[in-house]
Every structure is written in structure tokens, then in C-alpha cells.
Amino acid sequence: MNDKMNIMIVDDEVIIRESFSHWFQKSGHLVETAASGIDALEKLQRIAFDVLFIDIKMPGMSGLELLEKVKAEYPDTFVVIITAFGTIETAVEAMKFGAADYLLKPFKPQQLTLVMEKLVQQKKLACEYTYLKGHLDRITRFDNIIGQSPAMKKIFELIPEVAASDASVLITGETGTGKELVAKAIHAKSKRHSNPFVAINCGILPDALLESELFGHQKGAFTGAVQARKGFLEVVSGGTLFLDEIGEISAKMQVDLLRVLDEKKINRVGSSQSIDVDFRLISATCKNLDDMIKNNTFREDFFYRINVIIIHLPPLRKRKEDIPLLAAHFIEKYRQETNKHVDHIDRDAMKLLTHYDWLGNIRELQNAVERAVVLSKYRTLTADNFSFLNTTGNAPSRRRTLQENEREYIRYILEESDWNVTRAARVLDINRVTLHKKIKRFDLKRN
Amino acid sequence: MIRGEKTIGIIPVGTVPNLVLEIVASNIDIHLSLPTEILSMLAPPAAAFDEGRQQYDAGKVLQAMSSLGLERHKKVVAICNQDLFVPIVTHVYGEAQQNGKYAIVSLFRLHRQSERSKQSSLLYERTVKITLHEIGHLFNLFHCEDRRCLMHFSSTLEDLDATPMFFCNYCDHFFKVAAVR
């Protein structure tokens, strides 16, 4: 870590600000100054500082008031209180509010040197802590599955238990709830972790192509099959096959897969020779398979074969306590990706995110944070950065049917995507063909 | 010797022993390979004196120096016997304009006791170290984290006595690059 600090001097006396600036600039520190608490808070919104030197006695907002606000909004920023009117009581009060140190003007050069050495040391420790905490988080969060809600804690407990067995798993939950992440976590914790994890979105592929992708084909099996090709059921050998949108597969494919699950053998398309396969199946769906069974669109025997263990992921609106954690995670992710100094979110913005219904779940939240980070001019995201969220029309009326909500949400995403079907389908995590069908079924038209 | 027409001007502020000025000049020549010229005395500027603190404001002395019109000199270092301060700290041994033209060194506190106090050479050694350090700032060197470097910041005389008379490799390189410009 570099010993150079980003410092802000907050003092109403220009001579003190200049004196501090010259002093620290000689050590190569970056120095910014502010003449008042308001000025300092405005600069804090734009720039990340390591240390603030705050004069305790200023007109308007006092140094202690500013200290309190800084520690509430930017707890990682060190604050050193400076004063010419020091008493033990004010020193104690400043330390109580979280000041890192306290200096009486004018101070001896060695006192300032000691304070700076201490802060550099603390910054190093804080960096190490953040690194180790991040490392620990990576271990305990099952690769980006984040949550502290009771529902997610239960899932965290369930994943290692499920991973220990070889039984088929069905993961249910709305689009964008992180079904594939849970599947990956199960694979990562299982004895199959050193073998492939293959994910296929059944909703994207037409039936014939899905069959060829899964089972492979012999040379000449169909037009265009110019050479033999292994299917994913062979490729995945020893690993985990994740079939997303399992509710989209045809009745024929259900039968074919049922046979594979029973016999652990496949035949490539166009071949009569059986090949042994070894994989664990994890399926996922956002559909209600019980209803589909009742409507005879999903086979009951296949259903019982794939859902030996069922894991339901709750929608984000049912675990709102996870939103601040997720938002912070995505801010950090996009801060790193975009290399922008955006690392805070104010209370109003967090309140807005927490109260929003997130019909697109975590994926929608992730996209919203990415958009806000990319467009933000300041280091702190405010409610204005999320003005694109449709907060008034967002909360679905409880009197609406599920179908009405689906129609409304699809219309909303299409409007958001400027009626670019490919983009909208990606957000909705369905294929374009399905989206076109839904547009037709719901009679959706561009305004 | 590093090429360049202009020299380092050494200007006594108030009464300063000539021997000190000569020692400073020869050490600038030896350690930094820069030509020097000892200039006429400047009276301590009254505007820089702070009645409350009974000290001279180093920044204001530098301001006064800049109005002297010392065009011929690349950099100018003042040597004084007055106690110096900058507003945030009780005292300074020296002060310089970062990447600027003027610097000042005070002998006032360099006389203070140490185990080697009886050796007058210690005063000269300290004066030279502070002078070379401040010249480093004039050539835009920053404080160095290496305690074995002349650009390491010394907040006490003990620190100063433990600091060597030369730059570390990095500061030496940056100094040479800046000095030939």
C-alpha cells in the first residue's frame, strides 16, 4: 500500500488551510481544503478521502457536528480534530464520536508526524482487514449468493447438505433470483467439483437442437451433421448438468431425459450404440410445475424424478433485508469494473431501493445499480441516480391476477428496452420466441 | 558539475557567521554539484515577525525574499538566526517552496543540546542537512519514507542527527533529473 494519503483540511481560517496544505504537500500527500462543514460534506460526496483534519470551532456547522456526520456516512474516513481551544472534555467528546486523534494548535512537528504515522498504519490495517473480509466473504457467501435474511440463511445451510448427496435437485423461484448461482454453489461443494459444470437454458433452444446439444449426434444423423459430436450429457461426465427453464422442454424431451436418468445411458442422435453417462442433474424453473402437471403439459413421473430435493428461492421483495447488502455488493463490483469513485449510497437512495418491489429480482437490482454507477458524477449515489425506476407503478396491486402482473411487467421491460425484443428478452431471462409469443398473447403494443 | 548558468544564491537574513555560510556553500557544491554564490545580508523582514509568538513566520520571510528580484539565481536559500514557525506548528528548522525558488533555514534551534553538543561541527552538520533537504524541496523532491535518506522528514534534532547527509538512490535520481532541467 502507498503511504500517500488523500487529505482534506476543514478550517474557516485560510492561513491554517494553506499552512496544512504546504505541510502535507511536501510529503507527497494529496490535499484538498474546505472552509466550512457544508463545503466539506459537498466535497466528500465527490472525492474519497483517507483523512480529514477538522477545526472544532467553525461558524455554522461545528467541527463536532461535522465529525458526527462524517463518521455516520463515511465510517472508514479518519478524522483528526484540531483546535486552539482544547480541553480534555472536548477531546473526550471528539474521541467518543469516533475521531482518530486530537491536536492542539499550534502543535509540535513531531506530534503531527506521530499522528500521520499512526494513521498510515491504521489505513494499512484497514486495507488488510477489507482484503481478508472480502476473502472470507468469498468463502462463506457461496460465490456471490448474498443474504442475511432468514430465508437465505436456511438456503446457505441447505447447500452443503444437498451438495453431499447425489440426488437430483429442482430449484424454483422467479426470474433473477439467482437459481444458477445456487446450482453452481451446490456443484462447487460437491464431490463432483473437479469435473465440469454445464449449464443449458432449455427455453432458448428449439427441441431438435436441444436434443442434439444434450445427446450429441453421429456424422450424417441429419442435414448439417458433417461430423460426429459429443453431447453435453457426455461432456459433463462426472460433473453437474444444470438445466434452466426445465418447464420449457417438450414432452418428448421429458421422456428422453427420464430414460437417461433411470438408465444412466444415452444414444447419440443417429446412433444405436449406448454410451454410459455419469452426471448429477440440477434443474430450475420459474414456472409452477404442479399447475403444468394438472394441465398435462409436464409429466408427473419426470417431475418426481427431477425434484428429489427442492430448493425455493424467495423473490427479492420477500427478503428486503438483503437489499442493502446486495446493493453494496453491486456498487463495489461496478466501482471496480468501471474504475469510478462511486462507493457510497445515501439513506434516501437506499430507502428507495428497499421499498421498490424488484419484479426482475436481483438481476433488475444489479442492472439498476450498474446504470446508476455508470451515470453517477459523484461518489455517493442518491435517489436521483435511481429516478429511472418506476416507483409509482412498480408495486403490483394485490387485486391483480398473476397474469395481469406478468403482462404489466413485460410491458414495463419492453418500454424500458425501447421495444428492443432481444434486449427485453435478456432482462426477462426468456428467449425471444417466447417473448414474441407473450407479446402476441397479451396483445402488447408500442405506445 | 551540473551544467547551468544560474547558481544557488545563499543569503544571510540578519547576522549569520560567515563560516556557516561558507560551509553551507561548499557542501552544496560537494553533495549536489551545484554552483553557489553568497549574497549580501537581508534584514529580517518586520512584517514576518509575530508579536504573539515572538517568532518569524517562515512563509512571510519567503514572500519577502521573492520581492528582492534575484533573477540571476536558479534557487535562493536564506540562512537566519531567528526562530521560525509556520501557522500550524510550534517551530520549523527550515521551510521551502515546493518546486519553487526560495527556502530558508534557521540556526535558532540547531544549537540545542545533544551528546555531541560541545562539538561546534554538529551545528554545521545540522545546518547543512537542513539546507540540502530544503533545496531538495526546491527541486520538487518530497519527503522520503527511507530513514536513511536526506529527504526523510526530521521532526526532532535526534531524528536529524540520525539522518545521513545524502539522498537515497531514488531521491538522488529524481534530484539529478530535476537539477539539469
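The values are calculated or read from the model by the stated rules, or taken from the named source; none is laboratory data. The model shown is predicted, which means the values in this text are computed figures rather than measured ones. Neighbour counts are summed over all protein chains in view; Cβ atoms, including those assigned to glycine, are modelled from backbone coordinates with ideal geometry.
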Mind checking which strands (runs of 3 or more DSSP E) fall wholly inside region B:87-134 and carry at least 1 residues that are at pLDDT 95 or above and of a type in the set (Asp, Glu)? B:94-96
Among the residues that make up region A:200-209, is at least one of them assigned by TED's automatic domain parsing to the domain that holds A:Met253, more than 22 Å from the chain's Cα centre (by Cα) and over 24 Å from A:Gly247 (Cβ atoms)? no
Among the residues of region B:4-58, write down those that are part of a helix (DSSP H, G or I), more than 28 Å from B:Cys168 (Cβ to Cβ) and out of contact with any helix residue (DSSP H, G or I) (no Cβ under 7 Å at 6 or more places or on another chain). B:Asn18, B:Leu19, B:Ala46
Anything in region A:335-354 that is touching a Lys or Arg at 6+ places or on another chain (Cβ under 8 Å) and at pLDDT below 90? List them, or say none. A:His341, A:Val342, A:Asp343, A:His344
Would you call B:Cys171 hydrophobic (A, V, I, L, M, F, W, C) and outside any helix (DSSP H, G or I)? no
Considering only helices (runs of 4 or more DSSP H) fully contained in region A:262-378, which possess at least 1 residues that are free of Cβ contacts under 8 Å to residues at least 24 places away in the same chain and aliphatic (A, V, I, L, M)? A:289-294, A:323-338, A:361-375
Filter region A:19-54 for residues that are within 10 Å of chain B (Cβ to nearest Cβ) and without any contact (Cβ under 8 Å) to a residue 12 or more places away in the chain; which is surrounded by the fewest Cβ atoms within 10 Å (Cβ to Cβ)? A:Gln25
Looking at (1) more than 21 Å from A:Gly98 (Cβ to Cβ); (2) away from chain B (no Cβ under 11 Å); (3) among the basic types (Lys, Arg); (4) in contact with a strand residue (DSSP E or B) (Cβ under 7 Å, 6 or more places away or on another chain), which is the only condition A:Lys57 fails? (1)
Checked region B:64-86 for anything of a type in the set (Asp, Glu) and at pLDDT below 95; matches are B:Glu71
Condition first: buried (at least 17 other Cβ atoms within 10 Å of the Cβ), in contact with a strand residue (DSSP E or B) (Cβ under 8 Å, 6 or more places away or on another chain), modelled with pLDDT of 85 or more and within 14 Å of another protein chain (Cβ to nearest Cβ). Can you find one or more residues in region A:82-94 that meet it? yes
Taking region A:101-126 only, how many residues are of a type in the set (D, E, K, R) and either away from every other protein chain (no Cβ under 11 Å) or under 13 Å from A:Asp50 (Cβ atoms) (or both)? 4
Hey, can you tell me all the residues within region A:302-313 that are crowded, with 19+ Cβ neighbours inside 10 Å and either under 26 Å from the mean Cα position of the chain (by Cα) or farther than 26 Å from A:Glu161 by Cβ (or both)? A:Ile311, A:Leu313
In region A:379-395, anything in a loop (DSSP other than H, G, I, E, B) and under 22 Å from A:Glu406 (Cβ atoms) is listed as A:Phe388, A:Leu389, A:Asn390, A:Ala395
Of all residues in region A:355-403 being of a type in the set (A, V, I, L, M) and more than 24 Å from A:Ala48 (Cα to Cα), the one that is modelled with the highest pLDDT: A:Leu365
Looking only at region A:258-301, filter to residues that are in contact with a Leu (Cβ under 6 Å, 6 or more places away or on another chain) and at pLDDT 90 or above; which one of those is surrounded by the most Cβ atoms within 10 Å (Cβ to Cβ)? A:Ser283
Out of B:Thr156, B:Thr163, B:Thr131, I need the residue that is polar (S, T, N, Q), out of contact with any Asp or Glu (no Cβ under 7 Å at 6 or more places or on another chain) and within 13 Å of another protein chain (Cβ to nearest Cβ). Which one? B:Thr156
Flagged in region B:48-77 as among the hydrophobic types (A, V, I, L, M, F, W, C) and either within 22 Å of A:Pro106 (Cα to Cα) or within 13 Å of chain A (Cβ to nearest Cβ) (or both), in numbering order, are B:Ala48, B:Phe49, B:Ala58, B:Val61, B:Leu62
